[in-house]
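**Student:** Quick one: structure below, then a few questions.
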Amino acid sequence: MMKEDARVRMLRAAKKLFAKHGFEKTTIRQICEEACANVALVSYHFGGKDGVFAAIFNEYFPDRDIKSLEPGPDPEADLRLLVREMTLFRRREPELIAIIQQEMALRSPRREIIQSHKSLIQVRLRECLERGRAEGRFRFRSLEATQLFVMGALLANPSMIDMNGVPEVERLSVEEIAEHLAAFVVAAVRGLPGGEEV
């Protein structure tokens, strides 16, 4: 088995440490110790700690997966697919979700890096919501508020809501969680029975 290269080891180590301690409290030396890598390699591969942060998002944020989702004829199906992909991402990358929430809460300058990646999801979501509304499939008062609520659900960190010990939740697979969340989001954007907007 081929040994993982130093660049990948450093990215994984930085992701783990940034999620646990935050960007500011994590040093380059700690990253390299965790990765069993030479400190000089950070400058060589990334140009510094800010470059490591950007590279983590380039490597692990699901840009390619989102870009590969071609809009279909059914905005509801598209919305379900987007929710599924983001749920799988959230399960696959809890450390990245923790980093996003920390940086957004701190209003750090690194939010621009995060926003550049989130914007693709926001554009896809907005297109889907607008199309569904234009076709009369979705009913909601404010596109912006609806988009905000859905993005919050897609990027929520499950660890913030302690559901450990709840057997119904612990038994769910990631696919079942994605289906539950998709059903919830679709029901919300369809509006109330009788056509009343939410």
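**Student:** Connecting C-alpha atoms closer than 10 Å in a GNM of the chain, tell me which of Glu24, Glu130, Glu103 has the biggest fluctuation.
**Tutor:** Glu24
**Student:** Based on Cβ point charges of +1 for Lys and Arg and -1 for Asp and Glu, what charge dipole magnitude is obtained for the stretch 13-144 about its Cα centre, in debye rounded to the nearest 20?
**Tutor:** Details: 24 positive and 20 negative charges, 75 e Å.
For this selection, approximately 360 debye.
**Student:** Which percent of the accessible heavy-atom area of the chain goes to carbon and sulfur, probe 1.4 angstrom? Before the final figure, lay out the partial values.
**Tutor:** Values: 6290 of 11300 Å².
So the carbon and sulfur contribution to the accessible surface is 56 percent.
**Student:** Under a GNM of the chain (C-alpha, springs under 10 Å), which listed residue has the highest mean-square fluctuation: Glu135, Glu76, Glu95?
**Tutor:** Result for the chain, Cα springs under 10 Å: Glu135 fluctuates most.
**Student:** What are the ³J(HN,Hα) values, in whole Hz, obtained from phi via the Karplus relation 6.51 cos²θ - 1.76 cosθ + 1.60 with θ = phi - 60°, for each residue of the stretch 77-91 in sequence order, with x given for Gly and Pro?
**Tutor:** Listing the rounded values in order: 5, 5, 5, 4, 5, 5, 4, 4, 4, 6, 5, 4, 4, 4, 5 Hz.
**Student:** Moving on to the next point. May I ask you to evaluate 6.51 cos²θ - 1.76 cosθ + 1.60, the Karplus curve with θ = phi - 60°, for each residue of the stretch 30-42 and list the ³J(HN,Hα) values in order in whole Hz, giving x for glycine and proline?
**Tutor:** 4, 4, 5, 5, 4, 8, 6, 10, 6, 4, 4, 5, 5
**Student:** Quick check: the angle from helix 94-106's long axis to the longest principal axis of the chain, C-alpha only, nearest 10 degrees?
**Tutor:** 90 degrees
**Student:** Per residue, how much accessible area does the chain show when a 1.4 Å probe rolls over the protein heavy atoms, in square angstrom?
**Tutor:** Values: 11300 Å² over 198 residues.
Result: 57 Å² per residue.
**Student:** Additional query: Taking the chain as the reference, fit the longest principal axis to its C-alpha atoms, fit the long axis of helix 6-21 to the helix C-alpha atoms, and give the angle between the two in degrees, 0 to 90, nearest 10.
**Tutor:** With rounding to tens, the tilt is 70 degrees.
**Student:** Also: Compare Cys128, Cys36 by solvent-accessible area with a 1.4 Å probe and give them largest first, with all protein chains kept in place. Write out the running numbers ahead of the final one.
**Tutor:** Values: Cys128 5, Cys36 110 Å².
Largest accessible area first, the list is Cys36, Cys128.
**Student:** Picking from Leu148, Leu181, Leu82, which is most flexible by a Gaussian network model of the chain using Cα springs under 10 Å?
**Tutor:** In this elastic network of the chain, the residue with the biggest mean-square fluctuation among Leu148, Leu181, Leu82 is Leu148.
The values are calculated or read from the model by the stated rules, or taken from the named source; none is laboratory data. Just so we're clear, the structure is a prediction, and the values are computed from it rather than from any experiment. As a convention, Cβ positions derive from the backbone with ideal geometry for all residues, glycine included, and neighbour counts pool all protein chains shown. With ligands, DNA and RNA removed, areas are computed over all heavy atoms of the protein, side chains included. Shrake-Rupley method; radii C 1.70, N 1.55, O 1.52, S 1.80 Å.
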